Amino acid sequence: MAEIYLNQIAHGRSGDKGDTSNVCVFAKKPQYYVIIKREVTQERVKKYFGDMVRGDVIRYELPTLNGFNYVMHHALGGGATHSLRLDSLGKSMGSAFLRMKIHVDEDEL
């Protein structure tokens, strides 16, 4: 079992609306979809971000695109006009998201 960063097998797009961060994660190869599905659960995302994400994390599966859409509520300190956090908008959350460490078997890569 190897520990890698999510960005080694996925790329993403992200954004924000108010206090909600939205991150889409797409597998770089179709076979990586099952790894992401197994490793990047709603619970792991919530734990990974800790107190930064105060609301629910909802994962939507996009199998025809080999991806997932993660919606993180109450994740931006109130949103751009209310937050004292620097760089707290969705783009920064997306970058941080892809630095999550996951576990893979060597033969899955």
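The values are calculated or read from the model by the stated rules, or taken from the named source; none is laboratory data. Everything numeric here is computed off the predicted structure, so don't read it as measured data. Backbone-built Cβ (ideal geometry, glycine too); neighbour counts: all protein chains shown. Accessible surface is based on the protein model in full, side chains and every heavy atom, while ligands, DNA and RNA are left aside. Shrake-Rupley method; radii C 1.70, N 1.55, O 1.52, S 1.80 Å.
A few comments on the model shown:
- Dimensionless Rg/Rh of region 6-47 - Kirkwood Rh, Rg from C-alpha atoms: 1.01
- Accessible surface of region 4-62 [probe 1.4 Å, protein heavy atoms]: carbon and sulfur percent: 51 percent
- Solvent-accessible ranking of VAL53, VAL34, largest area first, probe 1.4 Å: VAL34, VAL53
- Couplings for region 22-29, taken from phi via the Karplus curve 6.51 cos²θ - 1.76 cosθ + 1.60 with θ = phi - 60°, read 10, 10, 9, 10, 10, 5, 5, 9 Hz in order; Gly and Pro are left as x.
- Under the simplified labelling scheme, the LYS28-ARG13 pair shows an inter-label distance of 1.9 nm, with each label point 7 Å from Cα along Cα→Cβ.
- Sorting the segments 36-42, 6-12 by their residues' average number of neighbouring beta-carbon atoms within 10 angstrom, most packed first, yields 6-12, 36-42.
- Aspartates and glutamates whose Cα lies under 12 Å from that of LYS29, excluding same-chain neighbours fewer than 8 positions away: GLU108
- Exposure check, 1.4 Å probe, all protein chains in place: GLU61 carries approximately 80 Å² of accessible surface.
- In the complete set of protein chains, residue-level accessible area for TYR5 is approximately 70 Å², probe 1.4 angstrom.
- The calculated 222 nm mean residue ellipticity attributable to helices in the chain amounts to -5500 deg cm²/dmol, summing -39500 (n - 2.57) over DSSP H runs of n ≥ 4 and dividing by all residues.
- Per residue Cα convex hull volume in Å³ - calculated over the chain: 84 Å³
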